[in-house]
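The values are calculated or read from the model by the stated rules, or taken from the named source; none is laboratory data. Predicted, not measured: the structure shown is a model, and the values here were computed from it. So basically every Cβ, Gly included, is an ideal-geometry build from the backbone, and we count neighbours across all protein chains shown. The accessibility values were calculated without ligands, DNA or RNA, using every heavy atom of the protein model including side chains. Shrake-Rupley method; radii C 1.70, N 1.55, O 1.52, S 1.80 Å.
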Amino acid sequence: MNDPYNPSEPIDTYFKRIDDAVQYASEGDIPFTQRQIVQTAYHAIFSTGLYVDACKIWRNKPDHEQNWANLKTFFAQEYHELREQNRITAQQTGYHSAGNAEIHSAHVTMDITDALDNLAL
C-alpha cells in the first residue's frame, strides 16, 4: 500500500493495489483505518505533482466526505480529465505542425498510451 503511484499506469490500477492491501490486512486481523487508507493514497497522488488543483479541492472537502470511496471516484474523474486534456493538447500540437509526420506521431503516441492502459487493466 505504501508503494508510490506510477502516473504512467491507469489510476484504477493503483486503487486496486490499495484495495488488495486493505483486504489482505483485514484478513490478517490488522485492518487499516479509513483515515490511513485515504492519507496514504492522497499523499501518493499528491506526490506525482500532476493533480495540484485537484488536491486543493480534495483538501477543502468536509472531513465526512474524505473517505476511500469518494477519493477513488474524485481522483478517477481527475485522472480521466487530465488524460483528455493531454490528448487534446497532443492533437492541437499535431494539427498546428507543419508536417503530416508530426500529426502521425501524435496519433501513434496516443495509440500506444491507450494500448498500455488496456494492457495494465
- Can you find even one residue in segment 53-62 that is among the aromatic types (F, W, Y) and touching a Ser or Thr at 6+ places or on another chain (Cβ under 9 Å)? no
- Starting from segment 50-68, keep only residues that are free of Cβ contacts under 8 Å to residues at least 60 places away in the same chain, then list their pairs with residues that are open to solvent by less than 40 Å² (accessible area, probe 1.4 Å) and of a type in the set (A, V, I, L, M) whose Cβ atoms are within a distance under 6 Å, requiring at least 6 positions of separation or different chains. Y51/I45; Q66/V38; W68/I37; W68/V38
- From A69, A90, A115, A106, which residue is closer than 30 Å to Q34 by Cα and either modelled with pLDDT of 60 or more or assigned to a helix (DSSP H, G or I) (or both)? A69
- Criterion violated by G28 - all others in (1) in contact (Cβ under 8 Å) with a residue 40 or more places away in the chain; (2) more than 10 Å from the chain's Cα centre (by Cα) satisfied: (1)
- Do we find that I57 is among the aliphatic types (A, V, I, L, M), out of contact with any Cys (no Cβ under 7 Å at 6 or more places or on another chain) and farther than 25 Å from N86 by Cβ in this structure? no
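Residue-by-condition table, conditions (1) open to solvent by 40 Å² or more (accessible area, probe 1.4 Å); (2) outside any helix (DSSP H, G or I); (3) modelled with pLDDT of 95 or more:
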| residue | (1), (2), (3) |
| --- | --- |
| Y24 | yes, no, yes |
| R35 | yes, no, yes |
| W58 | no, no, yes |
| K61 | yes, yes, yes |
| F74 | no, no, yes |
| Q85 | yes, no, no |
| E102 | yes, no, no |
- Kindly indicate which of S47, S8 is open to solvent by 80 Å² or more (accessible area, probe 1.4 Å), in contact (Cβ under 8 Å) with a residue 12 or more places away in the chain and not β-branched (V, I, T). S8
